[in-house]
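Student: Following this message is one structure expressed as structure tokens.
The values are calculated or read from the model by the stated rules, or taken from the named source; none is laboratory data. What you see is a predicted model, and the numbers here were worked out from it, not measured in a lab. All Cβ positions, glycine included, derive from the backbone under ideal geometry; neighbour counts span all protein chains shown. Calculation scope for accessible area: heavy atoms of the full protein, side chains included, ligands and nucleic acids excluded. Shrake-Rupley method; radii C 1.70, N 1.55, O 1.52, S 1.80 Å.
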Amino acid sequence: MEKFPTAKIIEFRRKKSDSSKLTLLKNLKTPKIKEKNSEGGNYWTTSISAISKYFKTEEKELILDKINDLLGRYNLAQAKTSKGMYLKNIEILHNFENFDFTSYKPESTLSYKAKPNEKSIVKIKGVPLQIRPQHVYSYKENNEDKIGAIWFVSIKDGFNPGEIGIFTEALNEYLFSNYSKNYIIEPDFCIAVDVSSLNSVKYSQITSGEIPSLLHSSLESIQKLL
């Protein structure tokens, strides 16, 4: 297996039987064409891309312009599935029309990092986990070089806090693997956000025990069946 998308951990955990879990793993081992409207693919691209730009620029017009763009696409669309996709993305964008990212990033000047594909795979418990945050950034605080990141995630039926925490833990692993030699990882700014519910989990919430740590135990279960 070349890569195991982080979202598939949640799908794996939700399976009721070992046979269904094995089927999921078998399908992941078989290369296939990415489905246009599958979770983690293009279904959420338009809304999450706009939110990502808004986080970086703090220009609310980006959200409003994308809503208008999607409304136009919705009116022109013929297929029911396409109309549903546009509506869901519009709903998500409405969540962020007046969203305040102040508590989601440091006040310092941020230097955004490139995210090459070779950095996106981190092997944990023998599983090549694919971790793809929207933003990774460095900054200085008290004369220390620090690193933070944010990951916007979504699924049709939503994530519970523990599931969002899986993304957060994976994000911390990504930062540790790629940046820990030169930067201090800031747990308050290692964050995953469910764009549908607006629920978020910071890594500091996991280290404090407020949110359960589920990543490693989940990967151990996956590894046993691989």
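Student: Quick one: pull the percent of accessible area on the stretch 47-138 belonging to carbon and sulfur, 1.4 Å probe, ligands and nucleic acids left out.
Tutor: 47
Student: Among all helices in the chain defined by DSSP H, which have a length of 24 Å or more along the axis from Cα atoms plus a Kyte-Doolittle mean of at least -1.0?
Tutor: TM-like helix candidates: 161-179.
Student: Taking every pair of alpha-carbon atoms in the stretch 111-225, give the share separated by more than 24 Å as a whole percent.
Tutor: 23
Student: Now for a separate question. How high is the relative contact order of the chain, in percent, counting Cα pairs under 8 Å that sit 6 or more residues apart?
Tutor: Worked out over the chain, it gives 20 percent.
Student: Next question, about the same structure. Between their Cα atoms, which of K3/K140; K115/K140; K15/K83; K56/K119; K21/K181 are more than 25 Å away from each other?
Tutor: K3/K140; K15/K83; K21/K181
Student: Report, to two decimal places, the Cα Rg of the chain normalised by 2.2 N^0.38 Å (N = number of residues).
Tutor: Its radius of gyration relative to the 2.2 N^0.38 Å reference: 1.04.
Student: Which percentage, to the nearest 5, of the DSSP beta bridges contained in the stretch 111-225 is antiparallel?
Tutor: Around 70 percent antiparallel, to the nearest 5.
Student: Can you tell me the accessible area per residue over the chain, all protein chains present, probe 1.4 angstrom, in square angstrom?
Tutor: 53
Student: Hey, another quick one. Ranked highest first by average number of other Cβ atoms within 10 Å, how do 149-155, 66-72, 165-171 line up?
Tutor: 165-171, 149-155, 66-72
Student: Based solely on its DSSP helices, what 222 nm [θ] is calculated for the chain when runs of n ≥ 4 H residues each add -39,500 (n - 2.57) and the sum is averaged over all residues, nearest 500 deg cm²/dmol?
Tutor: One gets -14000 deg cm²/dmol as the mean residue ellipticity at 222 nm.
Student: Less than 13 Å Cβ to Cβ from Q223, Lys/Arg counted +1 and Asp/Glu -1: what total charge do the surrounding residues give?
Tutor: Taking every Cβ under 13 Å from that of Q223, the sum is +3.
Student: Which percent of Cα-Cα pairs in the stretch 14-134 sits in each 10 Å bin, short to long?
Tutor: 10, 29, 31, 24, 6
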